[in-house]
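Input: a single structure, listed below in structure tokens.
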Amino acid sequence: MPTMAFRRIASILLCSTVLISTAQAQAVDPLANRLLVRGNLVTPDGLIANAWLDILNGRIEHIERERPNLPGVLALETNDLIFPGFIDLHNHPGFNVFPRWTPAQKFPNRYAWRSLDAYRAALENRQHALTAGGANFCDIDEYVEVKALIGGATSMIGFSGREPARVLPDCIKGLVRNLDVFTGFYGTDQGHERIVNSIGVLPLDMDSNAAARIARGLADGSIDLLAIHVAEGLPTDAESAQELDMLEARGLLTARTALIHSVGLSPSQLARVHRAGASIVWSPRSNFELYGATANVAAAFREGVTISIAPDWSPSGSDNMFDEIKYADRVNREKLDGLFSSRQLVEMASTVPARVARIDDKVGRLAPGMLADLFMIHVDEHAATGDPYQAITAGNITNIDLVMIGGVPLYGDATLLHQLNVKTEPLTVCGVTRALNTDAMPNGPFALVEARLKETMKAVGSELAPLAECGQ
């Protein structure tokens, strides 16, 4: 594939985010939009060793045991494990440029720290100053999406969350799919997504008009998912305990609802969540940092509640999905007696959230017809166990060799990217040299974005957070 041909694909798929038709592709070049990738495929039906993904126009056309006979098609042959990309159902990416915030105390609920002067001084006031009038949005967007990308995320939520919904700059259309703003699933314009992200159910966060509109959308099926903060506080906290009742009273507790955090929900309340068909989103690191406790996922599991994993945000959670899974694995081993398998934890970040968000016909697994949103990871020989999922729970983000969205390689090992004729920009992640697809960056070269952000962060009295916390 010539370099310019690939750049044309990257431009079409990421800048305009339009998946071009087979007929259009063939009119340009019958080989330009096809790619073969070999590796060990991690699928819901098991590991398919030494298999080939035949990717056409950003989708998986076929999975083959033998290399397809397609002369002239670009091929990447590896021994890597290939996973579906992570789907992050809970984040606040606009804050992920800020360094870690470690409060001097634990809190009964989120309202306690949101009203704390120390929090406002460290994060909220600075974030408002940083983004006033829409300033710096595209720099922030590129930085935090790269931050998500290096941890294997290919879809995320979080740039929305307040009513009324805002139309964001077009840079939001690049890199990671923003499920609540723009995915490219429904055309080339913003405003057509079927997922709503909400900061909470109390009047402070959601007025009656917004609640009624969302309830109608959930009832008539025009909204596929409401992801909403609920019961982010200790089980002993009365303020948090009332939120599930309020959610139900407003017609918002449905099979299309994902309850973010749910730290304060009792077993009987989790049974109600299950009866409603709703799910929860588990963010253990941030929960322990802020409250000293996390959701009762053991009770949720016993009740049959569907559980997804997501990092919340960098200031008190994990920098990326990969590291949040590793943290959840540690909680699982140390506090839950190994309740969940490595496979269950990884699927809580991929196939499960895809199903929860009703996008599992597009992403979340490796299968013919699915979009080629995936990442590839090598396994150190000394760490090999025969369990592919432990490449994540016992692995490191620097083992990720390639991340691809819609068939476009965006990040990874420079050698692999060069084999795919990708123009690259070097990037250091935890002391390891990696690379970005230069032509896919939504706001220009990453090094320039990072340099500008360092200066703008200084201007608001802060410093730029690292891309990743290493040695976790």
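The values are calculated or read from the model by the stated rules, or taken from the named source; none is laboratory data. Worth saying up front: this structure is predicted, and the values here are computed from it rather than measured. Positions of Cβ are backbone-derived with ideal geometry, glycine not excepted, and every protein chain shown enters the neighbour counts. Each accessible area value is taken on the protein alone, full model and side chains, heavy atoms only, with ligands, DNA and RNA left out. Shrake-Rupley method; radii C 1.70, N 1.55, O 1.52, S 1.80 Å.
Where a ≥ b ≥ c are the square roots of the eigenvalues of the C-alpha gyration tensor, would you call segment 266-376 rounded, which needs a/c under 1.5, or, failing that, prolate if a/b is larger than b/c, or oblate?
Cα axes put segment 266-376 in the oblate bin.
With a 1.4 Å probe and all protein chains left in place, how much of the accessible area of segment 225-369 comes from carbon and sulfur atoms, in whole percent?
Details: 2100 of 4510 Å².
Summing carbon and sulfur atoms, their accessible area is 47 percent of the total for segment 225-369.
Looking at the chain only, what percent of DSSP beta bridges run antiparallel? Nearest 5 please.
55 percent
Taking Cα centroids, how far is segment 434-472 from segment 130-206 in Å?
Centre-to-centre distance over Cα atoms comes out at 18 Å.
What chymotrypsin sites (Phe, Trp or Tyr not before Pro) in segment 167-239 are in a loop by DSSP, with at most 13 other Cβ atoms within 10 Å of the Cβ?
Counting only loop positions with at most 13 other Cβ atoms within 10 Å, the chymotrypsin sites (Phe, Trp or Tyr not before Pro) in segment 167-239 are Tyr186.
Show me the three semi-axes of the equivalent ellipsoid for segment 360-472, from the C-alpha gyration tensor (sqrt of 5 times each eigenvalue), largest first, rounded to whole Å. Spell out each step's value before the answer.
Numbers: eigenvalues 151, 78, 42 Å².
They are 27, 20, 15 Å, listed largest first.
Enter the angle in degrees (range 0 to 90, nearest 10) between the Cα long axis of helix 321-335 and the first principal axis of the Cα atoms of the chain, meaning the one along which they spread out most.
Around 50 degrees separate the two axes.
On a 25 Å Cα-Cα criterion, which of the cross-link pairs Lys173/Lys423; Lys106/Lys454; Lys147/Lys362 come out too long?
Numbers: Lys173/Lys423 20 Å; Lys106/Lys454 30 Å; Lys147/Lys362 23 Å.
Flagged as over cut-off: Lys106/Lys454.
Rule-of-thumb check for segment 114-220: C-alpha Rg over 2.2 N^0.38 Å?
In units of the 2.2 N^0.38 Å rule of thumb, it is 1.18.
Along Cα→Cβ, 7 Å out, is where each label goes; now give me the distance between the ones at Glu66 and Ala459 in nm to one decimal.
The answer from the label model is 6.2 nm.
Can you pull out the trypsin sites (Lys or Arg not before Pro) in segment 152-245 whose DSSP state is coil and whose Cβ has at most 16 other Cβ atoms within 10 Å?
Passing sites in segment 152-245 are Arg162, Arg166.
Roughly how many nanometres apart are two label points built 7 Å out from the Cα toward the Cβ at Ala49 and Arg120?
6.1 nm
Helix-derived [θ] at 222 nm for the chain: sum -39500 (n - 2.57) over DSSP H runs of at least 4, divide by residue count, nearest 500?
Only helices count here, giving -8000 deg cm²/dmol.
Counting only DSSP beta bridges with both residues in segment 155-257, tell me the antiparallel percent, nearest 5. The partial results should precede the final answer.
Working: 1 of 8 bridges.
Percent antiparallel among DSSP bridges in segment 155-257 is about 10.
Largest first, how would Asp45, Asp439 line up by accessible area (1.4 Å probe)? Please report the intermediate quantities before stating the final value.
On the way: Asp45 155, Asp439 35 Å².
Heavy-atom accessible area, descending, gives Asp45, Asp439.
With r defined as the distance between the Cβ atoms of Glu239 and Arg333 and R0 fixed at 35 Å, what FRET efficiency is calculated, to the nearest 0.05?
Using R0 = 35 Å, I get an efficiency of 0.60.
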